[in-house]
Amino acid sequence: MKKLLSILFAFTIAVSLFAEVSAADSDKAFSIMEAADNQMAYKGDYSCTVSLVVEKPGKPKENLQFKMFERIGKDTFTMVQLFPEADKGNGYLRDGDNIWAYDPIGRKFSHSSLKDALADSDLKIDDMSKDDNKWRKNYKVAEFKEETLGKYEVYAITLEAVTNKPSYEKSTYYIRKDVPLVLKISDFSASGRLMRTVLIPKYTKTEKGYVGYHTIMRDELNPGEQTQQIISELSFDSLPDRIFTKAYLEGLN
């Protein structure tokens, strides 16, 4: 009897591990992810100031500030560090699949990656990009559920990377049902270990759409370590092409 129960238990585990999300649920999940992107104000060109507060146990808080310029849907952005003064002028440039980091002291560019951390924060360079074409290209839907998060009814959508572009192998997005806004993201390693938790507790609505102006990123491997991100000075004015060039970064110093 014990042997039979063991076999049945193993079979149940195997079924759960290899169960796949139906095509209909997969399409619905991707549509919800895209609807959440469509709710956001980031469309076409935009620029903003990104302020980061980095907290690490046993160390004083570190304040960082960047200027972000992006052209949505074109895989193009330029980012320039404004603060602290010692790092002013450090920059990043994305042109398609090429990510360049710029050192203003040596006046040199080096290849970087969207998966790299931004300065000494818990923010990935990829987190700064608002490209909404990444879901169906880079992920498959591993799980699609309905849950409650605090006072909100949410969709819990777990996506697994199918390309090497995402920063994490697997991520679960918690998206409000009433208005499709991302409230929480849990990022996991390939082995399923929780690596990072992202909370977006504060949104504001503009004429262009919603902006999550306050984000908290917690490093789950190092308890007590987190980065807070504040978005300000948001503009949707058209940007000149020269901003998205190496010459622009070089000309700032």
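The values are calculated or read from the model by the stated rules, or taken from the named source; none is laboratory data. What you see is a predicted model, and the numbers here were worked out from it, not measured in a lab. Methodologically, a virtual Cβ is constructed for each residue, glycine included, from the backbone with ideal geometry; neighbour enumeration extends over all protein chains shown. When the accessible area is computed, the model is the full protein with side chains, heavy atoms only, and any ligands, DNA or RNA have been set aside. Shrake-Rupley method; radii C 1.70, N 1.55, O 1.52, S 1.80 Å.
Scan segment 54-82 residue by residue and report those that are more than 22 Å from the chain's Cα centre (by Cα) and without any contact (Cβ under 8 Å) to a residue 60 or more places away in the chain.
GLY58, LYS59, PRO60, LYS61, listed by residue number.
Of the conditions (1) touching a residue at least 24 places away in the same chain (Cβ under 8 Å); (2) touching a strand residue (DSSP E or B) at 6+ places or on another chain (Cβ under 6 Å), VAL179 fails just one. Which one is it?
The one condition VAL179 does not meet is (2).
Can you find a residue that is open to solvent by less than 60 Å² (accessible area, probe 1.4 Å) and closer than 20 Å to ASN63 by Cα anywhere in segment 134-157?
For segment 134-157, residues open to solvent by less than 60 Å² (accessible area, probe 1.4 Å) and closer than 20 Å to ASN63 by Cα: absent.
Since LYS28 meets every condition but one in (1) part of a helix (DSSP H, G or I); (2) modelled with pLDDT under 95, which condition does it not meet?
It is condition (2) that LYS28 fails.
Please determine, by comparing only the residues of segment 97-133 that are of a type in the set (Asp, Glu) and surrounded by fewer than 17 Cβ atoms within 10 Å (Cβ to Cβ), which one is farthest from SER186 (Cα to Cα).
ASP103
State whether the residues of segment 191-204 include one that is within 22 Å of PHE69 (Cα to Cα) and touching a helix residue (DSSP H, G or I) at 6+ places or on another chain (Cβ under 8 Å).
no
Could you name every one of the strands (runs of 3 or more DSSP E) located completely within segment 171-253 that has at least 3 residues being open to solvent by 60 Å² or more (accessible area, probe 1.4 Å)?
194-206
Provide a single number: the residues in segment 35-94 that are open to solvent by 10 Å² or more (accessible area, probe 1.4 Å) and on the phi > 0 side of the Ramachandran plot.
Looking only at that region, the number is 4.
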